[in-house]
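The values are calculated or read from the model by the stated rules, or taken from the named source; none is laboratory data. Quick caveat: nothing in here was measured; it's all calculated off a predicted structure. Quick reminder, even Gly has a Cβ in these numbers, built from the backbone with ideal geometry, and neighbours come from all protein chains shown.
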Amino acid sequence: MIFITSDWHFCHNREFIWKARNFSSVNEMNEEIIKRNNKLVKPEDDLYVLGDLLLGGEKSLEQGLNLISRINGKLHLVRGNHCTDKRWEAFSKLPNVVETKNSIYLKHQGYHFYMSHFPSLTGNNDKFLKQMTLNLFGHTHQKEHFFENNLWMYNTAMDAHDCYPCNLNDIIQEMKTKWTDTHLIKEGTTPHDICVEPDVTKIKPYETWLKVDEYKRRQCARCVHEGKCSGPSWMNVTCPRDWQYRRDPPDGGYYG
């Protein structure tokens, strides 16, 4: 499985960090972060950590490295603003760290993710999720999951998730839900404009709200998200045989 997290701030002995996370001390925070991570993440899982793993001086560095070495998962590290050269070099030598990068690009289940420490404007709101480049970030210490309510910018940091790591599949589902909430059917839409299941009176997940002409143009939501389709059972429409949606154009660039 794949998990994402950010901003552990191990050994950062400031009340605005550990007290804001509802701990009584920095040591309690340190231990609880490890406990909550290892409750979900197995040693064989991939764990992407998007920066700011620890703070403090020489003594804190040694203590912090010991704490990180107890974290379950194969660690993929993205550099944060508190990841100094000395710390960054030390992280790379830990046995559970498999890569250290300034940012990471990941394709998972047809979704395209750009992982960075800082929130990054990677897309816009007029495309299907699989056509977007989706940003996973940390840094801000905000409680909200989405940066400025943008559905393609998801906050993975400790402060937004009660110090637990995020399962990437859960992030995708949350983005899908937000996509639906921000693409409501406009008032005045008639049943002739959109094919809906019987007795449906409110918005459904976007995979099921399909226009007949979108099927004919090979641009329906189901094709965009599932690759191939023959239309849902309640629609008397069939996509062209063996047609498959492609996010990336033939020239090797990308649309999103």
Inset, instruction - Output the residues belonging to region 71-91 that are in contact with a Lys or Arg (Cβ under 7 Å, 6 or more places away or on another chain) and under 14 Å from MET1 (Cα atoms). - result: ASN72
Legend entry - Residues (surrounded by fewer than 16 Cβ atoms within 10 Å (Cβ to Cβ) and either modelled with pLDDT of 90 or more or not in a helix (DSSP H, G or I) (or both)) located in region 165-182: ASN169, ASP170, GLN173, GLU174, THR182
Inset, instruction - Give region 1-31 a look and list any residue that's buried (at least 16 other Cβ atoms within 10 Å of the Cβ), among the hydroxyl-bearing types (Ser, Thr, Tyr) and over 18 Å from SER69 (Cβ atoms), or say none. - result: SER6
Legend entry - Matching entry among ILE68, ILE34 (being modelled with pLDDT of 95 or more, surrounded by 16 or more Cβ atoms within 10 Å (Cβ to Cβ), out of contact with any Lys or Arg (no Cβ under 6 Å at 6 or more places or on another chain) and not hydroxyl-bearing (Ser, Thr, Tyr)): ILE68
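Just need a number here: residues in region 37-61 that are of a type outside the set (A, V, I, L, M) and either crowded, with 22+ Cβ neighbours inside 10 Å or closer than 9 Å to ILE71 by Cβ (or both). Can you show your working first?
Restricting attention to region 37-61, the residues satisfying the condition of being of a type outside the set (A, V, I, L, M) are 37-39, 42-46, 48, 51-52, 56-60.
Narrowing further to those that are either crowded, with 22+ Cβ neighbours inside 10 Å or closer than 9 Å to ILE71 by Cβ (or both): 37-38, 48, 51-52.
Counting residues in region 37-61 that are of a type outside the set (A, V, I, L, M) and either crowded, with 22+ Cβ neighbours inside 10 Å or closer than 9 Å to ILE71 by Cβ (or both) gives 5.
Take residues that are touching a residue at least 24 places away in the same chain (Cβ under 8 Å) and tell me which of the helices (runs of 4 or more DSSP H) falling wholly in region 1-87 contain 2 or more.
26-40, 58-69
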Inset, instruction - Being touching a helix residue (DSSP H, G or I) at 6+ places or on another chain (Cβ under 6 Å), at pLDDT 95 or above and assigned to a loop (DSSP other than H, G, I, E, B) is the filter; apply it to region 88-129 and report the residue that is nearest to GLU174 (Cα to Cα). - result: PRO119
Inset, instruction - Determine which single condition SER103 fails, assuming it passes every other condition in (1) touching a residue at least 40 places away in the same chain (Cβ under 8 Å); (2) under 24 Å from HIS141 (Cβ atoms). - result: (1)
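Out of all the residues in region 138-149, is one or more of a type in the set (A, V, I, L, M, F, W, C), assigned to a helix (DSSP H, G or I), under 30 Å from GLU28 (Cβ atoms) and modelled with pLDDT of 95 or more? Steps first, please.
So the first thing to find is which residues in region 138-149 are of a type in the set (A, V, I, L, M, F, W, C), and the list is 146-147.
Retained after the next criterion (residues that are assigned to a helix (DSSP H, G or I)): 147.
Narrowing the set further to residues that are under 30 Å from GLU28 (Cβ atoms) leaves 147.
Okay, now just the ones that are also modelled with pLDDT of 95 or more, so none.
Scanning region 138-149, I find no residue that is of a type in the set (A, V, I, L, M, F, W, C), assigned to a helix (DSSP H, G or I), under 30 Å from GLU28 (Cβ atoms) and modelled with pLDDT of 95 or more, so the answer is no.
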Legend entry - Yes/no for MET115 being aliphatic (A, V, I, L, M), in contact (Cβ under 8 Å) with a residue 40 or more places away in the chain and touching an Asp or Glu at 6+ places or on another chain (Cβ under 7 Å): no
